[in-house]
Amino acid sequence: MMAEQGVLQIDAALQVIRCKAAVAWEIGKPLSIEEVEVAPPKTHEVRIKLVATGICRTDDHVLRGALEGIDFPVILGHEGAGIVESVGEGVTDFKPGDKVIPLCIPQCGKCSSCLSPKTNCCFKTHLKESQNVMPDKTTRFTCRGTPVYHFLWTSTFSEYTVVPEDAVAKIDPEAPMDKACLFGCGFSTGYGAAINTAKVEPGSRCAVFGLGGIGLSTVMGCKAAGASRIIGIDINSGKFTKAREFGATECINPQDYPKPIQEVLIEMTGGEGVDFSFECVGNIDTMKAALESCHLGYGTSVIVGEAPSAAQLSFSPLLLFTGRTWKGSIFGGWKSKESVPKLVSDYMANKFDVAGLVTHTFPFEKINEGFEVLRSGQSIRSILMF
Ligand code: PAD
Ligand code: ZN
Ligand code: ZN
């Protein structure tokens with residue numbers, strides 16, 4: 001009898017769920033709020049009821065068609081927090097009711113990257129394997145009879161989503177979900193770029209190009225690491241007040257200077273250049289400017305912004321020949337599954353001002369308004385509530 005009840009309970013959980021999602025049918029079109037069907041989680045998968053999700057510029061890059069390898073129709077979104085609704089066979093680390101964050105960079109724990117302390121670039125990331133479909137190469141979403149693709153295995157622009165168990169982290173059940181979602185991308189990415197990738201040193205001089213959610217989180221990381229100067233650079237001077245609040249010691253707008261911004265930065269540092277620079281825009285010209293503004297011999301520049309897939313860089317090899325280091329940083333270098341719960345716990349212990357990144361909150365249905373305030377430069381992070 002007991003066993004039968006158990007089976008009945010499992011069957012009841014593993015039904016197709018009909019719910020609302022924002023479907024991107026094609027490049028360049030607004031998102032469309034639709035009723036979608038979300039299939040039950042298969043083996044080693046978890047189905048999550050989203051509570052909150054942020055909007056990141058990467059979602060917008062996809063909608064503009066800047067990133068290759070994304071199949072449409074697709075459900076975007078990769079900065080969410082939610083509650084486990086049901087689990088597939090073989091899942092032992094999660095149970096219904098757990099508060100979780102889907103991870104756009106998974107941590108399988110088994111590949112050469114996961115086994116190395118040097119990187120968080122798990123071989124199951126979209127850089128190696130498509131995350132437009134689940135590991136069994138099928139999708140769990142259907143809309144009007146058409147299969148809809150996943151994005152980064154997260155697809156948080158949906159009331160329910162299904163993710164592989166390697167791409168989800170359990171967090172403190174007390175964490176406020178409308179802030180915790182920012183650990184799924186924005187905060188973790190920027191903060192980790194300074195702390196993990198650059199390893200900013202106390203007393204160092206830093207320059208952060210682009211003061212959106214990623215750049216401001218980088219500013220917070222530079223400050224936490226003890227940088228003595230943090231120069232914020234943005235073509236939108238409206239971003240400077242927040243940047244100063246988060247720790248920028250100076251803010252400059254390249255449009256206010258008649259010469260290239262790298263020359264301005266070198267002058268501002270007595271002809272030497274900065275110790276660490278960060279590109280948090282996604283533009284190849286600012287990537288070069290960030291490298292050129294670095295100190296001879298030991299300056300380190302970190303690419304955090306995501307350039308269009310087709311972009312190519314050309315630069316003088318002398319910049320590297322003379323000792324500068326150029327690095328990239330994905331998801332702030334954090335090994336996602338083990339680090340996100342710790343970051344959320346640190347947030348609960350008041351170590352970071354994640355709430356300060358949130359400028360707008362909308363009901364989920366107003367998702368297109370969230371994209372509008374991002375494009376017009378008014379928002380840092382918009383949070384959508386389900
Ligand atoms: P955002 O659009 O909120 O911020 C970008 C900022 O750059 C804005 O304030 C712009 O005004 C500013 N900007 C634009 N052009 C210039 C310029 N020429 N010089 C100086 N500033 C400029 O975006 P975001 O903070 O959400 O994301 C920033 C980038 O980081 C974007 O390319 C996104 O795709 C990328 C990203 N990377 C990762 C990763 O893991 N590396 C994760 C998430 C996002
Ligand atoms: Zn992002
Ligand atoms: Zn791995």
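Tabulated data for the structure shown
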{"item": "Those strands (runs of 3 or more DSSP E) lying entirely in the stretch 157-254 with at least 2 residues within 16 Å of ligand 2 (Cβ to nearest atom)", "result": "160-164"}
{"item": "Qualifying residue in the stretch 315-329 (condition: under 26 Å from Cys104 (Cα atoms) and under 17 Å from the mean Cα position of the chain (by Cα))", "result": "yes"}
{"item": "Members of the stretch 76-132 found to be more than 27 Å from Asp178 (Cβ to Cβ), surrounded by fewer than 16 Cβ atoms within 10 Å (Cβ to Cβ) and of a type in the set (Gly, Ala, Ser), listed by number", "result": "Gly90, Gly109, Ser112, Ser116, Ser130"}
{"item": "Selection count, the stretch 28-60, where residues are more than 16 Å from ligand 1 (Cβ to nearest atom) and among the polar types (S, T, N, Q)", "result": "2"}
{"item": "Filter result for the condition that a residue is within 15 Å of ligand 2 (Cβ to nearest atom) and closer than 21 Å to His61 by Cα, over Val354, Val340, Val304, Val373", "result": "Val304"}
{"item": "Long-range neighbours under 7 Å by Cβ, at least six apart or interchain, first residue small (Gly, Ala, Ser) within the stretch 42-61, second assigned to a helix (DSSP H, G or I)", "result": "Ala52/Met177; Ala52/Asp178; Ala52/Cys181; Gly54/Cys181; Gly54/Leu182; Gly54/Gly186"}
{"item": "Residue in the stretch 153-167 that is surrounded by fewer than 20 Cβ atoms within 10 Å (Cβ to Cβ) and over 21 Å from Leu384 (Cβ atoms) present", "result": "no"}
{"item": "Subset tally (residues that are outside any loop (DSSP other than H, G, I, E, B) and open to solvent by 10 Å² or more (accessible area, probe 1.4 Å)) for the stretch 265-274", "result": "3"}
{"item": "Pick from the stretch 30-68, criterion more than 16 Å from ligand 2 (Cβ to nearest atom) and either within 19 Å of the chain's Cα centre (by Cα) or among the small types (Gly, Ala, Ser) (or both), ranking: surrounded by the fewest Cβ atoms within 10 Å (Cβ to Cβ)", "result": "Glu68"}
{"item": "Condition met for Lys110 (in contact with a Cys (Cβ under 6 Å, 6 or more places away or on another chain), basic (Lys, Arg) and under 25 Å from Ser188 (Cα atoms))", "result": "no"}
{"item": "Test set (1) more than 16 Å from ligand 2 (Cβ to nearest atom); (2) β-branched (Val, Ile, Thr); (3) within 16 Å of the chain's Cα centre (by Cα) - Val87 fails condition number", "result": "(3)"}
{"item": "Test result for Val344, in a strand (DSSP E or B), open to solvent by less than 10 Å² (accessible area, probe 1.4 Å) and among the aliphatic types (A, V, I, L, M)", "result": "no"}
{"item": "In the stretch 133-147, the residues that are exposed (fewer than 14 other Cβ atoms within 10 Å of the Cβ) and part of a loop (DSSP other than H, G, I, E, B)", "result": "Asp136, Lys137, Thr138, Arg144, Gly145"}
{"item": "Verdict on Met177 being within 27 Å of Cys108 (Cα to Cα) and touching a residue at least 60 places away in the same chain (Cβ under 8 Å)", "result": "yes"}
{"item": "Residues (of a type in the set (Lys, Arg) and either closer than 24 Å to Gly203 by Cβ or free of Cβ contacts under 8 Å to residues at least 24 places away in the same chain (or both)) located in the stretch 231-259", "result": "Arg244, Lys259"}
{"item": "Search result, residues across the stretch 370-386 that are among the basic types (Lys, Arg) and either open to solvent by less than 20 Å² (accessible area, probe 1.4 Å) or within 16 Å of ligand 3 (Cβ to nearest atom) (or both)", "result": "Arg381"}
{"item": "Residue in the stretch 291-330 that is nearest to ligand 3 (Cβ to nearest atom), counting only those that are closer than 13 Å to Gly215 by Cα and out of contact with any Leu (no Cβ under 8 Å at 6 or more places or on another chain)", "result": "Ser329"}
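Yes/no matrix, rows are residues, columns are (1) more than 18 Å from His150 (Cα to Cα); (2) modelled with pLDDT of 95 or more; (3) of a type in the set (Phe, Trp, Tyr):
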residue	(1), (2), (3)
Asp11	yes, no, no
Cys19	no, yes, no
Lys42	no, yes, no
Gly54	no, yes, no
Asp59	no, yes, no
Pro73	no, yes, no
Ala81	no, yes, no
Phe94	yes, yes, yes
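So that you can scan it fast, the table gives a plain yes or no per residue for (1) aliphatic (A, V, I, L, M); (2) more than 16 Å from ligand 3 (Cβ to nearest atom); (3) over 21 Å from Val358 (Cβ atoms):
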| site | (1), (2), (3) |
| --- | --- |
| Ala52 | yes, yes, no |
| Arg64 | no, yes, yes |
| Ile70 | yes, yes, yes |
| Gly80 | no, yes, no |
| Ile83 | yes, yes, no |
| Ser86 | no, yes, yes |
| Lys95 | no, yes, yes |
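This table checks each residue for (1) more than 15 Å from ligand 1 (Cβ to nearest atom); (2) within 23 Å of Ser158 (Cβ to Cβ).
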{"position": "Ile70", "(1), (2)": "no, yes"}
{"position": "Val87", "(1), (2)": "yes, yes"}
{"position": "Phe94", "(1), (2)": "yes, yes"}
{"position": "Asp98", "(1), (2)": "yes, yes"}
{"position": "Pro102", "(1), (2)": "no, yes"}
{"position": "Cys108", "(1), (2)": "yes, no"}
{"position": "Ser112", "(1), (2)": "yes, no"}
{"position": "Leu115", "(1), (2)": "yes, no"}
{"position": "Phe123", "(1), (2)": "yes, no"}
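The values are calculated or read from the model by the stated rules, or taken from the named source; none is laboratory data. Keep in mind the model is a prediction, meaning the values are calculated, not measured. Note that each Cβ is placed from the backbone with ideal geometry, even for glycine, and that neighbours are counted across all protein chains shown. Side chains included, ligands, DNA and RNA excluded: accessible areas come from the protein's heavy atoms. Shrake-Rupley method; radii C 1.70, N 1.55, O 1.52, S 1.80 Å.
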